[in-house]
Amino acid sequence: MNWKLRFLLLVAFHSGCLYSRAQKIDSMMNIYAEKFPQEKLYLQFDKKAYNPGERIWYKAYLFTGFDPSPFSKNFYAELYDAYGNLILRNSAPINESTATGSFDLPASFEGTRIRIRAYTTWMLNFDTSFVYIKDLRIIGSSQDSILHADSSPTLLNFFPEGGDLVAGIENNIAFKANDSFGQPRKVSGILYDQSGKALYNFNSTHDGMGSFLLVPDKNDVFYAIWKDEKGSEHRTDLPSVKTSGIVLRILNSNSKVVFSVSRPAENQAYQQLIVVAHMNQQMVYKATVNLKDISMNGGSIPTQQLPTGILQVTVFDINQMPLAERVCFINNSNYNFEGKLTVTAKSLQKRGRNVVDVQIYDTTKSKLAIAITDAEVDGNRPLDDNIISRLLLTGDLRGFVKDPYYYFQNNSDSLSRQLDLVMLTHGWRRFKWDDVIKGKTPVIKYPIEDYLSLNAEVLGVPSSHIAKDESLNVIFQYKDSSTKMLSVPYVNNSKFKLPGLVFYDTALVFYSFNTNRNLSNEAAVIIKNGLYVGPRKIKSFTMSLPVWSPDDSLLVRKSRLVFAEIARLQDQDKKIQNLEVVTIRRRIKSDKEKLDEEYSSGLFSGGNATIFDLQDDQSSYAGMDIFTFLQGRVAGLQITNTQSPTPTLTWRGSTPGLYLNEFETDAGSIKDIPVSNIAMVKVFSPGSAGVIGNSTGGIIAVYMKKGSARKPDPSIKGLDMVRMTGYNLKREFYSPDYLINPEPETNDIRTTLYWNPNLQTNKVKRTISISFYNSDLTHKIRIILEGFNDDGKLIHLEKIIE
């Protein structure tokens with residue numbers, strides 16, 4: 001939104017020492033804001049529920065604070081099952097703070113939930129709790145365990161406002177009840193002291209949340225006896241009472257935030273305090289609070305000029321130690337731009353034609369995506385997280401928030417109070433105050449990436465043999481047969497690098513050394529694309545999806561009807577693919593002998609060895625390393641620490657010898673080689689490798705592809721060649737035109753009727769007309785439009801056709 005958050009100094013500093021200490025907080029926050037901006041993501045999907053075998057379409061929006069992020073250039077998305085196993089991984093270039101892509105959910109997937117994890121590598125330098133996570137429901141034919149979520153135990157937690165329960169001061173205590181899936185639960189109970197005396201009755205007032213006031217004595221111990229929705233009784237202890245500390249209280253009104261800080265009357269430790277408020281790392285308020293002669297004081301923070309979002313208020317002592325903290329939500333309704341969806345032609349008949357006009361009133365350039373789906377298989381949850389609630393609210397909070405868009409429906413006092421309960425029971429921790437106060441800055445393990453990079457490393461010769469002015473002459477040959485010539489400069493330590501490349505799928509890379517042309521014959525050259533390779537497994541997790549409701553019965557029934565038809569069509573495809581596999585196996589059997597003759601020599605040629613031909617398998621194993629490929633394929637070979645830079649290999653109690661192009665090497669060097677650059681792996685079992693080195697643990701010989709491994713362009717001669725993997729192939733959404741082809745061969749069972757992630761408007765073009773056709777099954781259509789403009793303002797529109 002291009003907000004210039006104003007620094008407001010409302011209380012004069014009374015002490016030079018205090019002023020000096022406070023300035024350190026200022027300067028460090030400025031450093032964090034300027035050098036360590038925090039990115040956050042939102043992904044818009046075509047729908048909310050899928051069947052195995054379906055394609056999941058998405059568009060990613062990347063923000064820094066309140067503005068589209070200009071920093072990261074590479075986007076990563078991963079698909080995991082409920083056990084934390086990686087299913088698929090995507091990468092895409094970020095253009096104008098957006099990226100697009102899709103996942104083909106395997107037809108064999110049997111789970112009922114999947115998790116999307118999306119990020120930029122810059123985000124991984126900071127608290128990974130803020131990496132984008134989204135759980136999606138998979139219907140298929142599996143019975144969903146969440147149907148029985150009512151049996152999940154209810155948990156109750158108490159949250160003193162500001163952080164601590166302090167003796168002698170009135171404390172505001174918030175609480176939240178939820179099940180193990182994160183879903184809110186109603187509770188009611190009684191608060192008791194250590195003597196068993198009943199003090200207060202309490203009840204949840206909104207989504208399992210509520211609050212009450214309490215003035216504890218220093219010797220008090222509190223516990224609650226409460227009942228869940230089933231009437232079962234439970235006990236939960238409250239946090240312990242502290243005899244020293246600060247209580248921070250906040251009242252969030254329409255145009256200002258009123259705060260108070262209190263200390264125990266008999267405790268003189270906190271006579272002067274510093275109160276700091278910031279939004280998205282930008283300080284918007286700072287003041288001193290004098291508690292020398294009084295035990296409570298406060299002030300107010302003007303908010304009418306602030307953007308909509310989370311405001312964090314922190315109280316420090318004179319030694320800059322944080323004492324209390326609170327977040328509150330500022331909603332000035334200045335976050336969106338206006339638009340309208342108008343249906344100009346409507347037909348809910350089979351294959352009927354519909355037309356919807358997207359009209360944007362704002363003249364600023366906007367980037368939009370539209371999803372048009374069968375509403376009966378897309379659920380009925382209009383208050384789910386969307387681009388507005390994610391980028392302004394949930395993207396800055398830890399934990400699950402039910403129906404987050406509910407809090408943007410209006411600015412009523414009742415809704416504001418409910419939203420404040422969310423603030424009281426959820427944490428926001430973009431800063432580690434201990435590091436800020438000590439002047440420590442984050443360790444940047446992942447610098448901001450500049451798209452793909454050609455990273456070449458020369459193995460087999462000392463780096464001293466490479467001239468400082470050496471460079472690689474490279475010719476890229478893309479899938480469409482177009483070519484591009486580049487010069488890749490030498491960096492150091494046998495490495496060459498050229499960033500800023502953008503291409504999809506794979507490309508043939510022909511290369512030669514500019515100064516010492518014989519290097520190609522003397523050494524092995526590894527070429528990688530510079531993309532980050534994320535984990536193949538994460539911790540198993542409990543999905544936080546809404547429990548099935550009676551309204552979802554139609555969704556399940558219709559989705560399974562669609563799934564049955566998808567399975568029938570895929571079964572036909574599978575039979576065709578099986579015939580292709582038989583043909584390939586026959587060809588590979590004879591080619592292995594030719595491959596061995598072409599690549600191996602001397603003691604490595606022939607012999608009793610297992611040969612793996614990878615020349616035609618690079619697409620199947622993109623993103624894997626060769627050890628992952630070999631694991632499970634070589635009997636007796638044990639590979640551990642596969643996530644580390646140097647895996648550990650054992651075979652019959654000994655370590656196998658590793659060779660790259662018949663030069664002895666280590667596991668770390670081989671792990672870095674993309675499988676797409678490997679032509680052949682030859683494995684000699686222990687005792688069968690003759691006199692090749694120490695063969696007690698067997699031999700694994702890896703051979704890089706030569707120029708002859710592929711049929712190059714006839715115009716490119718005399719150059720070595722490897723295949724380099726680019727971004728995931730971009731797919732175009734297919735939308736049938738029944739005016740041209742009114743009777744297709746198969747039934748139209750589409751549940752996503754139209755998807756376009758690349759709509760744009762500007763001051764000249766502010767209306768877009770979209771034509772699409774109904775399927776054979778759809779009786780109710782949902783349209784969702786989302787996006788942002790160059791000012792960082794957001795839009796979310798939803799319309800139903802029925």
### Conditions (1) within 29 Å of Lys537 (Cβ to Cβ); (2) touching a Phe, Trp or Tyr at 6+ places or on another chain (Cβ under 9 Å); (3) outside any strand (DSSP E or B); (4) modelled with pLDDT under 95: number failed by Pro106
(2)
#### Entry: the range 486-502, residues that are part of a strand (DSSP E or B) and farther than 16 Å from Val722 by Cβ
Ser487, Pro489, Tyr490, Val491, Asn492, Pro499, Gly500
### Message
Show the residue pairs meeting these rules: Cβ distance below 7 Å; 6+ apart or different chains; first residue within the range 290-311 and in contact (Cβ under 8 Å) with a residue 12 or more places away in the chain and over 20 Å from Ile274 (Cβ atoms); second residue open to solvent by 40 Å² or more (accessible area, probe 1.4 Å) and among the small types (Gly, Ala, Ser).
### Response
Gln304/Ser255; Thr308/Ser333
### Query
Out of curiosity, is Lys468 farther than 24 Å from Gln615 by Cα and out of contact with any Ser or Thr (no Cβ under 9 Å at 6 or more places or on another chain)?
yes
### Task
Might you check whether a residue that is within 30 Å of Leu501 (Cα to Cα), crowded, with 18+ Cβ neighbours inside 10 Å and among the β-branched types (Val, Ile, Thr) occurs anywhere in the range 441-459?
yes
### Query
Right, Asp469: open to solvent by 50 Å² or more (accessible area, probe 1.4 Å), at pLDDT below 90 and either over 16 Å from Asn516 (Cα atoms) or not in a strand (DSSP E or B) (or both) or not?
no
### Every residue from the range 97-117 that is closer than 16 Å to Asp46 by Cα and either open to solvent by less than 10 Å² (accessible area, probe 1.4 Å) or not β-branched (Val, Ile, Thr) (or both)
Ala99, Gly101, Ser102, Phe103, Asp104, Leu105, Ile114, Arg115, Ile116
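I'm trying to understand the selection: among the residues of the range 74-96, which are assigned to a loop (DSSP other than H, G, I, E, B), at pLDDT below 95 and either acidic (Asp, Glu) or open to solvent by 10 Å² or more (accessible area, probe 1.4 Å) (or both)?
Hits for the range 74-96 are Asp81, Ala82, Tyr83.
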### Task
Could you check, for the range 52-73, whether at least one of its residues is buried (at least 23 other Cβ atoms within 10 Å of the Cβ), in a strand (DSSP E or B) and at pLDDT below 95?
no
### Message
Would you confirm whether or not the range 583-601 contains a residue that is of a type in the set (A, V, I, L, M, F, W, C), modelled with pLDDT of 70 or more and open to solvent by 80 Å² or more (accessible area, probe 1.4 Å)?
### Response
no
### Candidate set from the range 670-696 (those that are among the polar types (S, T, N, Q) and open to solvent by 30 Å² or more (accessible area, probe 1.4 Å)); member that is modelled with the highest pLDDT
Ser685
### Task
Those residues that are part of a loop (DSSP other than H, G, I, E, B) and within 17 Å of Thr363 (Cα to Cα), I need them from the range 745-770; list them, please.
Asn762, Lys763, Val764, Lys765, Arg766
### Query
Is there a residue being in a loop (DSSP other than H, G, I, E, B), over 15 Å from Gly309 (Cα atoms) and not acidic (Asp, Glu) anywhere in the range 418-434?
yes
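The values are calculated or read from the model by the stated rules, or taken from the named source; none is laboratory data. Note that the structure is predicted; figures quoted are calculated from it, not measured. Counting neighbours? That spans all protein chains shown, and the Cβs are built from the backbone with ideal geometry, glycine included. Keep in mind that these areas ignore ligands, DNA and RNA; they rest on the heavy atoms of the full protein, side chains included. Shrake-Rupley method; radii C 1.70, N 1.55, O 1.52, S 1.80 Å.
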